[in-house]
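Only one structure is covered here, and it is reproduced in the block below.
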Amino acid sequence: MLAELLLGAALLYLLWFAVFKKPDGLPPGRWGLPLVGYIPLSGKHMDEQFKDLQKQHGDIYLWRMGTQVMVFLHSYQLSKEALGSSAFLDRPTSEVFRLMEPVAHGVIGSNGNIWHTNRRFSLRQLRDQGMGKSSLVSAIQKQARELVEALKGQASKPERIPRDLRVAVINIIWHMVASKQFEKTDPKLQEFIDIFGDLMKNFGPIVMPDFIPWIKYCLPDFLIRRLFSVEILYTLKDKFFDYCQELIEEHKASLDPDDPKDLIDGYLLDIEASKDDPDTIRTERDLCILILNLLFAGSETTVGTLAFMFFYLANHPEVQRKFQAEIDEVLPKGTLATLEDRSRMPFTEAVIHEVLRVSSLASLGIPHVAVRDTTLGGYLLPKGTIVWTAALTMHHDPRFWNDPEKFMPERWLDDQGKFATKKEGFLPFGVGKRVCVGESLVRMELFIISTAIFQSLSVSPPPGSKVDVSPVPGNPFIKTPRQEKVCFTIRE
Ligand code: HEM
């Protein structure tokens, strides 16, 4: 009897070490149970839980969600170290990245040769189409002018930010990708806006099966699609691929090899040039996913950041007045900004940077995964560990920011009133080899569009109220602005 008890105890002890105990060397945090990981029972919002975990464990902690071992980095230094290291170059496997293909294509979610080839291609193409250069300025100015007219149309009454903002931002990317512009009333455009909206709203449930991959063996496919809203990904892919295929056929018919006019033409020429290469990754499906990546990454983020800018400026009339004074001083009435004006408009740059800081739209960045066992912050992170970099907390870290909760563009100016690009503690676009592909484009858009708007209009909260600048709750990954109402008024 005693021998059996001892054997039972020994087995339990081994089981504890093999299955239940957090392996040595990992950061502190929530380990939980096999298969399900740590399930929070408090009902607290995820952001609150992250705060609690940071308070308890510091800048690096672990949370096993389902079967995925995740590490969250809340410090600027650790995030920079991780994002700059080849050990964390890859993206984890996720249906959102893979879009039901055998491997992820495009650039955001892909790895290895597919990622490398597409990243180089996207950067080259976006630059050829004017990213960071004067050649794109007039296309952005055109969209800015149309947006100003739309805002004038709703002036003097409390209204939500009109969809014209989204149309303007999408049209800038569309100009570079397909040499096209959507009409505001185009039903195709509305369809994509709706699906993107659904995707943002249901991001949490959609990524759930990534955390508990074994659920696929327990439930039939149709139920998983319904239960976790994965259906949205199927709809998005089907509709977008059909539309993209039409565009590709149009482009093939008009392709001039000596004068490629946009990103699609550039890709089609690459397909032709690599057709005899057995290892080529160039396919029309890959092109469709690449376009979808650019459209999604480039529109939701930019639209959200601009909407946050309107909300913060509505709540801070004194900042708005200073911003407008600089616009009036530098830009002759009715003239829109160009890239050359940036160096003469330090306060404008300061406003843009402060909005990027306070809004921190990509609040947890985009996840990376350890491609090999590696050490970070004194801990051992095994291959497969998923790493999130918490930009939102970094951007509110009192070690880098005085009064971090305050909206204070002046913090970006030096004693002489010059714009000082403060790098420490600021990572809205990530860093390293996977840094945001569209960073220069966003900077151009924010500069030209915001100066065009505040040259002609002012914004304020509806009478007697303040605009709620807190993001839509419930999505820990992307902080989108609420559907608040504001009043635009035409400036004399
Ligand atoms: C305010 C606007 C934007 C913000 C805050 C933002 C932020 C980010 C962040 C944090 C990452 C992840 C970097 C990493 O993995 O370490 C990223 C990646 C990316 N962004 Fe942006 N982004 C913005 C606009 C854009 C635009 C306009 C485009 C393109 C038209 C774009 C295209 C991409 C792509 C393709 C990646 C993936 C890069 C890769 O995996 O190699 N983004 N962005």
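So here's what we get for this one:
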{"quantity": "Angle in degrees between helix 284-315 and the longest Cα principal axis of the chain, rounded to the nearest 10", "calculated": "70 degrees"}
{"quantity": "Cα-centre dipole for segment 231-272 with unit charges at Cβ (Lys and Arg positive, Asp and Glu negative), debye to 20", "calculated": "220 debye"}
{"quantity": "LYS466 paired with GLU191, simple spin-label distance in nm, labels 7 Å along Cα-to-beta-carbon", "calculated": "4.4 nm"}
{"quantity": "Accessible surface of the chain [probe 1.4 Å, protein heavy atoms]: carbon and sulfur percent", "calculated": "57 percent"}
{"quantity": "Quotient of Cα Rg and 2.2 N^0.38 Å for segment 21-159, N being how many residues it contains", "calculated": "1.54"}
{"quantity": "More than 19 angstrom apart: percent of Cα pairs within segment 120-275", "calculated": "67 percent"}
{"quantity": "Furthest towards positive pole of dipole, VAL71, SER122, GLY106, structure part segment 62-165, Cβ charges", "calculated": "SER122"}
{"quantity": "Accessible heavy-atom area order of TRP31, TRP63, highest first, probe of 1.4 Å", "calculated": "TRP31, TRP63"}
{"quantity": "Length-normalised contact order of segment 339-483 in % [C-alpha pairs under 8 Å, at least 6 apart]", "calculated": "28 percent"}
{"quantity": "Estimated 222 nm signal from helices in the chain, with DSSP H stretches of n ≥ 4 weighted -39500 (n - 2.57), rounded to 500", "calculated": "-15500 deg cm²/dmol"}
{"quantity": "Fraction of the pair-distance distribution of the chain above 39 Å, Cα-Cα pairs, percent", "calculated": "28 percent"}
{"quantity": "Dipole moment magnitude, nearest 20 debye, segment 325-470 about Cα centre, only Lys, Arg, Asp, Glu C-beta charged", "calculated": "600 debye"}
{"quantity": "Qualifying trypsin sites (Lys or Arg not before Pro) for segment 273-339 [loop in DSSP, other Cβ within 10 Å: at most 10]", "calculated": "LYS275, LYS333"}
{"quantity": "Taking N as its residue count, the alpha carbon Rg of segment 247-389 over 2.2 N^0.38 Å", "calculated": "1.56"}
{"quantity": "Convex hull (Cα only) mean projected area of segment 63-111, reported in nm² to one decimal", "calculated": "4.3 nm²"}
{"quantity": "Lone cysteines, the chain (no partner Cβ under 4.7 Å)", "calculated": "CYS218, CYS436, CYS487"}
{"quantity": "C-alpha long axis of helix 263-273 to longest principal axis of the chain, angle in °", "calculated": "60 degrees"}
{"quantity": "With all protein chains modelled, accessible area of LYS406 [1.4 Å, Å²]", "calculated": "110 Å²"}
{"quantity": "Cα-based equivalent ellipsoid of segment 410-472: semi-axis lengths in Å, sorted from largest, via gyration tensor", "calculated": "27, 18, 16"}
{"quantity": "Between helix 187-201 and the chain: long-axis angle, C-alpha atoms, 0 to 90°, nearest 10", "calculated": "40 degrees"}
{"quantity": "Over segment 242-370, relative contact order from alpha-carbon pairs under 8 Å, at least 6 apart, %", "calculated": "20 percent"}
{"quantity": "Equivalent ellipsoid dimensions for segment 369-486 as semi-axes, Å, which come from the Cα gyration tensor, largest first", "calculated": "33, 20, 17"}
{"quantity": "Sequence-distant aspartates and glutamates (8 or more away, or on other chains) whose Cα lies within less than 18 Å of LYS423", "calculated": "GLU81, GLU349, GLU354, ASP397, ASP403, GLU410, ASP414, ASP415, GLU439"}
{"quantity": "Segment 309-422, Cα convex hull volume normalised per residue, Å³", "calculated": "149 Å³"}
{"quantity": "Magnitude of the charge dipole, the chain, Cβ model with Lys/Arg +1 and Asp/Glu -1, debye to 20", "calculated": "1160 debye"}
{"quantity": "Model label zone, ARG344; criterion: amide N under 18 Å from point 7 Å along Cα-to-beta-carbon; scope segment 436-461", "calculated": "447-456"}
{"quantity": "Solvent-accessible area per residue, Å², over the chain with all protein chains present [probe radius 1.4 Å]", "calculated": "46 Å²"}
{"quantity": "Options ASN475, PHE311, GLY32, ranked by Cα towards positive dipole end of the chain, top entry (Cβ charges)", "calculated": "GLY32"}
{"quantity": "Relative contact order %, the chain, counting alpha carbon pairs below 8 Å whose residues are six or more apart", "calculated": "23 percent"}
{"quantity": "Where only C-alpha atoms are counted, convex hull volume of segment 99-181 per residue in Å³", "calculated": "125 Å³"}
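The values are calculated or read from the model by the stated rules, or taken from the named source; none is laboratory data. Computed from a prediction, not measured in an experiment: that's the story for all the values here. Quick reminder, even Gly has a Cβ in these numbers, built from the backbone with ideal geometry, and neighbours come from all protein chains shown. Side chains included, ligands, DNA and RNA excluded: accessible areas come from the protein's heavy atoms. Shrake-Rupley method; radii C 1.70, N 1.55, O 1.52, S 1.80 Å.
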